[in-house]
1. Being closer than 14 Å to residue B:176 by Cβ and surrounded by fewer than 19 Cβ atoms within 10 Å (Cβ to Cβ) is the filter here; which residues of segment B:207-217 pass it?
2. Which residue, of A:81, A:91, A:5, is in a loop (DSSP other than H, G, I, E, B) and surrounded by 14 or more Cβ atoms within 10 Å (Cβ to Cβ)?
3. In segment A:57-78, what residues are part of a loop (DSSP other than H, G, I, E, B) and farther than 20 Å from residue B:111 by Cα?
4. Only one of (1) within 13 Å of chain B (Cβ to nearest Cβ); (2) within 30 Å of residue B:87 (Cβ to Cβ) is not met by residue A:106, so which one is it?
5. Among the residues of segment A:62-78, which ones are under 18 Å from residue A:9 (Cβ atoms) and either surrounded by fewer than 17 Cβ atoms within 10 Å (Cβ to Cβ) or more than 7 Å from chain B (Cβ to nearest Cβ) (or both)?
6. Can we say residue A:81 is over 18 Å from the mean Cα position of the chain (by Cα) and within 28 Å of residue A:56 (Cα to Cα)?
7. So which residues in segment A:8-40 are under 22 Å from residue A:72 (Cα atoms) and either in the same structural domain as residue A:149 (by TED's automatic domain parsing) or outside any helix (DSSP H, G or I) (or both)?
């Protein structure tokens, strides 16, 4: 491995949270962004191809070394770590709507889900999966919500556009009159 | 009133995440074309289900029930043959159901992604805490020579340890009492030095001391010492001698 890849590996190992590309580049003032990108690819390839128990993944929050999925059960059995609580259906629905329609106010989320969403929005906000991005114009100037990097991290994706596009979903929004 | 409180909880933990979820499930179970919903039948089913699920107090479900009944009524209104521009009263409901169905599809994607992520641990993984924990103290930085120096300082300060030999049941107070009685039977009084010699073992000395204290307590002997550190004089009590 190149010296830069080793430096990045050490930094990623030392941190339990994802490290942003900027922070990784700041480890060595002499390297360019391209060199950092190259070294990250080198490190990831190293993990993937020479058989490591960990993998390097990129999420919205940055880069992170994680254990591979096949060892989850053994690690949990040994009580070395345990999976965080699973998100409820209500939480996932609310997150799905916000991810696709952000910025979106509470009333619109409730209109789509057909239920009151005050408590679930509060809980998602406390868990930093959504944030207030501003206030809408108009009556009452309602709070508008958007997803956070922690949301991307929760899914281990880099960008929202890694989610299926609305028109790729099986059910297209077509007017009933065309039937 | 109790029932109201219970069912309010059921809404939170029920198997359906809302009235649209329940409605979609009914449509799927009955294998109904979503674009041609038999509203009368679905409305009836919906009311039965929310009653059995104890959801008939929940505002969200009641609102949907009312909506279905309204659509059912609108469907019953007579319309002229071949009338143009008839608005299907179900159109809005169908739009919402399709929209919600799309949300459910995204939920499946999110669920799969978050399940995958949940099964991977970062180094030093800690269960997610929503209250901010107190900042941890920085790890102690200490070199080996520093550690040795510290140990050395502590050892210098410490006194030389006193090591005790613990001998079980070493004292023989009974025996010592017998000896004191024997001596006092021969002489009216005796001295400490008559009872212990310089060659006596510590356990012998202690046994004699305890024997004397015991006998003095019971009134068998009288102990006298003129001044501190002078010889102790032991006098047999005439009363006990008589006994």
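The values are calculated or read from the model by the stated rules, or taken from the named source; none is laboratory data. Values in this document were obtained by computation on a predicted structure and should not be read as measured data. Cβ placement follows ideal geometry from the backbone for every residue including glycine, while neighbour counts extend to all protein chains displayed.
1. B:209, B:210, B:213, B:214, B:216 - these are the residues of segment B:207-217 that are closer than 14 Å to residue B:176 by Cβ and surrounded by fewer than 19 Cβ atoms within 10 Å (Cβ to Cβ).
2. Testing whether each residue is in a loop (DSSP other than H, G, I, E, B) and surrounded by 14 or more Cβ atoms within 10 Å (Cβ to Cβ) leaves just A:81.
3. A:78, the sole residue that qualifies.
4. (1)
5. Listed by number, the residues that qualify are A:62, A:63, A:68.
6. Criteria met by residue A:81.
7. Passing the criteria: A:15, A:16, A:17, A:18.
This table checks each residue for (1) under 22 Å from residue A:63 (Cβ atoms); (2) more than 10 Å from every other protein chain (Cβ to nearest Cβ); (3) over 22 Å from the mean Cα position of the chain (by Cα); (4) surrounded by 14 or more Cβ atoms within 10 Å (Cβ to Cβ).
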position	(1), (2), (3), (4)
A:100	no, no, no, yes
A:112	no, no, yes, yes
A:121	no, yes, no, yes
A:133	no, yes, no, yes
A:138	no, yes, yes, no
A:143	no, yes, yes, yes
A:149	yes, yes, no, yes
A:161	yes, yes, no, no
